[in-house]
1. In the list Gly399, Gly486, which residue meets the criterion of being more than 18 Å from Ile182 (Cβ to Cβ), touching a residue at least 40 places away in the same chain (Cβ under 8 Å) and of a type outside the set (Phe, Trp, Tyr)?
2. In region 416-433, what residues are surrounded by fewer than 18 Cβ atoms within 10 Å (Cβ to Cβ) and not in a loop (DSSP other than H, G, I, E, B)?
3. Would you call Ser32 assigned to a helix (DSSP H, G or I), at pLDDT below 70 and surrounded by 15 or more Cβ atoms within 10 Å (Cβ to Cβ)?
4. Is there a residue being at pLDDT 95 or above and surrounded by 15 or more Cβ atoms within 10 Å (Cβ to Cβ) anywhere in region 260-273?
5. For region 167-204, which positions are among the polar types (S, T, N, Q), under 20 Å from Glu374 (Cα atoms) and part of a helix (DSSP H, G or I)?
6. Out of all the residues in region 145-166, which are touching a residue at least 24 places away in the same chain (Cβ under 8 Å) and either part of a helix (DSSP H, G or I) or over 25 Å from the mean Cα position of the chain (by Cα) (or both)?
7. Which residues, taken from region 178-209, are of a type in the set (A, V, I, L, M) and under 24 Å from Asp477 (Cα atoms)?
8. What do you reckon, is Gly348 outside any strand (DSSP E or B), modelled with pLDDT under 95 and farther than 28 Å from Ser186 by Cα?
Amino acid sequence: MPIGLALAVPFAIWVTLWAISRDRQRAALATSMLIALFYAFNPFLVVVDTLLEVLSQFWVNRGYREHPLLVVTILGFGAIPPLILIFRRLKDPGLWSGYLNVFALILVLMPTGNVVMAWIREPAKPIIRAEGGIALPSRPARLPDIYFIILDAYARSDVMKELFDFDNEPFLHRLEKKGFFIARESRTNYGQTPLSLASTLNCEYLDKLIAPSTRDRDPLALLIGDNLVVKSLRPLGYQFAAFATGYDPTECTQADRFLGPRHPADNFQMLVVRMTPLRFLPFPVKSWDFYRSMRERILFVLGHLPELAQAKEPTFTFAHIVGPHHPFVFGENGEDVSPSASNARGRGSKKLDNPKNYRDGYRKQAIYLTKRVEETIDRILAQSPEPPIIILQSDHGSGLRHHLNDLERTDLRERMSILNCYYFPNHNYEGLTPRITPVNSFRVVFNNNFGTKLPILENRNLFSTYDDPFQFVDVTDRLDSNRDRGREYTPPDSYPGMVH
């Protein structure tokens, strides 16, 4: 719908102006100017609101607030002089149309040039892993369904209690009574979602999967969607099922079964909405609301995961639940606590401008998701004809004291400590240790359930910044030595909406 509007509205404006002026070129010039102002709305809004935030400190500090009506008014009045110039004073509109066409061509060529230069600089094949899967020598008489459930940014139990005052030990004890193995000292191999999941699903460190010279993140999505685990299971007859996440690197649309609620607006269409005044329409458009869509996707996963147990074929299910990572859309009892405006990927959520709001929102969302995930696991176990394999894991820890581009200001213990739980039908947990890292998760799954003899890799913890994701710093010894324990950390000033 937003894309349709983006095409229909300029045409309607041009037809209207042409009908009034009877001059196609002047109507086209005026339409171009109005559309440019329309798409300049969000940058102009940020400038005006930031300026007002600074000026407000001199009389009453009310913090950052959005003023869409003020910006629309300014842009509206600002459009009047150019319109008068175009329709009354411009002598040669054809000449100016030519200038605009050249300018538009330059705008197209600039990103095209960047793409070409990036293609020249990057290796032709940044992915360097072997193409085939692992040969699984043993086929169980009854193939178990495999569930790989990721809770994004779910903190390890000790960190959860220390930083967020949430004791999830009763939840972990109940999992143990059900037969789960809990790796209580587990840490992630990588502190960013696509890095962590690409490594986990391919049973290998990234320096063995991606050419070290690359800075391109795109191979990570390829490694997640076309992963070694699925390639290894397919010869046994497994189907690949995945749920919609709203997060491009883990949106595995190529899966045999891609499941999710129906949303007319995709990520690109949502970008159009966020750039323009459309997000401030006085009437709500549900499909344009980023937060509502996020809630619906999470609830859809939790509600529909157990239904896959009824599939005829054995299934490997990848369920990336984008929580308790912010934005925070669930209260402690599941109530909707979403911000009202659909701008989570804009200037950072208004409700996350300080650590207190992050801590409170994270705690409540974690409490609710913990309850719902336990209910979902109970339903999976109850509805599965054959006992399944379940891995419940977080990709990385919470981000209260995580600085995207600063290792020394980041609380590594918080960021790298994760939830890591396993359920095997045969309860053979040999190879699992309290400190196991995700790179070894499916190595143990294959060894204990499918007869492989894969070596267990050394547990390493690697930090990289958001701007240089493949420039890794090994922080394993630093974490093992607890040398940063008790250190005072300064949280970031704000928390960007959907950076993982």
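1. When all the criteria are applied, what remains is Gly399.
2. Across region 416-433, there are no qualifying residues.
3. Numbers: assigned to a helix (DSSP H, G or I): yes; at pLDDT below 70: no; surrounded by 15 or more Cβ atoms within 10 Å (Cβ to Cβ): yes.
Taking the combined requirement at face value, the residue does not satisfy it.
4. As a first pass, look at region 260-273 and keep what is at pLDDT 95 or above: none.
Checking region 260-273: not a single residue is at pLDDT 95 or above and surrounded by 15 or more Cβ atoms within 10 Å (Cβ to Cβ).
5. none
6. Once the filter is applied, which keeps residues that are touching a residue at least 24 places away in the same chain (Cβ under 8 Å) and either part of a helix (DSSP H, G or I) or over 25 Å from the mean Cα position of the chain (by Cα) (or both), region 145-166 yields Asp145, Ser157, Asp158, Val159, Met160, Leu163, Phe164, Asp165.
7. Within region 178-209, the first condition is being of a type in the set (A, V, I, L, M), and the residues that meet it are 182-183, 195, 197-198, 201, 206, 209.
Scanning region 178-209 gives Ile182, Ala183, Leu195, Leu197, Ala198, Leu206, Leu209.
8. Values: outside any strand (DSSP E or B): yes; modelled with pLDDT under 95: yes; farther than 28 Å from Ser186 by Cα: yes.
Yes: the conditions hold for Gly348.
The values are calculated or read from the model by the stated rules, or taken from the named source; none is laboratory data. None of these values were measured; they are calculated from a predicted model. All Cβ positions, even for glycine, are placed from backbone atoms using ideal geometry, and neighbour counts span all protein chains on display.
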